[in-house]
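Structure record follows, encoded as structure tokens.
The values are calculated or read from the model by the stated rules, or taken from the named source; none is laboratory data. Keep in mind that what you see is a predicted model, and the values were worked out from it rather than measured. Neighbour counts run over all protein chains shown; Cβ positions are idealised from the backbone, glycine included.
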Ligand SMILES: [Zn+2]
């Protein structure tokens, strides 16, 4: 699925299972970081655009470097080192990481029905064990879009209640402003729609 869907999904789970913004951020990152192995797309596009012989980093490394158990354990252990509740974050990070894999297996295929994305669970060291599902739906399917919107709205609702949001995964100060605006909008909406007694 798209990085945005992974972000909202992981953040909602993190917000519901942790008790402080730091651990919430770390658990969320466990659901987002696997897609860092897709960043090879940038040099691929740039080298092709500049007329050089195009690199194939995305094709070679996406879903291979960080979408296996080794990448998952490395990500979870690294994130747990910075956590307030290390064991809890370690376990939640592993859970969210595996949810990322399941979501990719379920809904990450290309436009062609045969353009399926496999997961190499023991990659990048072993390409023999491959997970693939023939029912995999398209990355840009309506289901993925609706799922993303639902998770986005849900995460905004939680953010208003808890006082921090998925924006805090990237920048805490920006998150304070973002949640401040959300709370203002919510208060204004309630004031307009509440019938005085
Ligand atoms: Zn992925």
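Of everything in the range 53-107, what is within 15 Å of the ligand (Cβ to nearest atom) and not in a helix (DSSP H, G or I)? Give them in sequence order. Of everything in the range 53-107, those that are within 15 Å of the ligand (Cβ to nearest atom) and not in a helix (DSSP H, G or I) turn out to be 62, 63, 64, 65, 66, 67, 68, 107. From the list 167, 153, the lone residue that is part of a helix (DSSP H, G or I), buried (at least 16 other Cβ atoms within 10 Å of the Cβ) and more than 16 Å from the ligand (Cβ to nearest atom) is 167. Considering every residue within the range 30-50, establish whether at least one is part of a loop (DSSP other than H, G, I, E, B), more than 16 Å from the ligand (Cβ to nearest atom) and farther than 29 Å from residue 156 by Cβ. Checked the range 30-50: at least one residue is part of a loop (DSSP other than H, G, I, E, B), more than 16 Å from the ligand (Cβ to nearest atom) and farther than 29 Å from residue 156 by Cβ. When we screen 122, 178 for residues that are part of a helix (DSSP H, G or I), surrounded by 12 or more Cβ atoms within 10 Å (Cβ to Cβ) and either within 18 Å of the chain's Cα centre (by Cα) or free of Cβ contacts under 8 Å to residues at least 60 places away in the same chain (or both), the only hit is 178. The set of residues in the range 97-119 that are surrounded by fewer than 15 Cβ atoms within 10 Å (Cβ to Cβ) and either over 29 Å from residue 16 (Cα atoms) or at pLDDT below 95 (or both) comprises 110, 111, 112, 113, 114, 115. Condition check: in a helix (DSSP H, G or I) and out of contact with any helix residue (DSSP H, G or I) (no Cβ under 6 Å at 6 or more places or on another chain). Does residue 136 satisfy that? For residue 136, the condition - in a helix (DSSP H, G or I) and out of contact with any helix residue (DSSP H, G or I) (no Cβ under 6 Å at 6 or more places or on another chain) - is not met. For residue 137, the test of being without any contact (Cβ under 8 Å) to a residue 40 or more places away in the chain, farther than 23 Å from residue 21 by Cβ, within 16 Å of the ligand (Cβ to nearest atom) and within 19 Å of the chain's Cα centre (by Cα) is passed.
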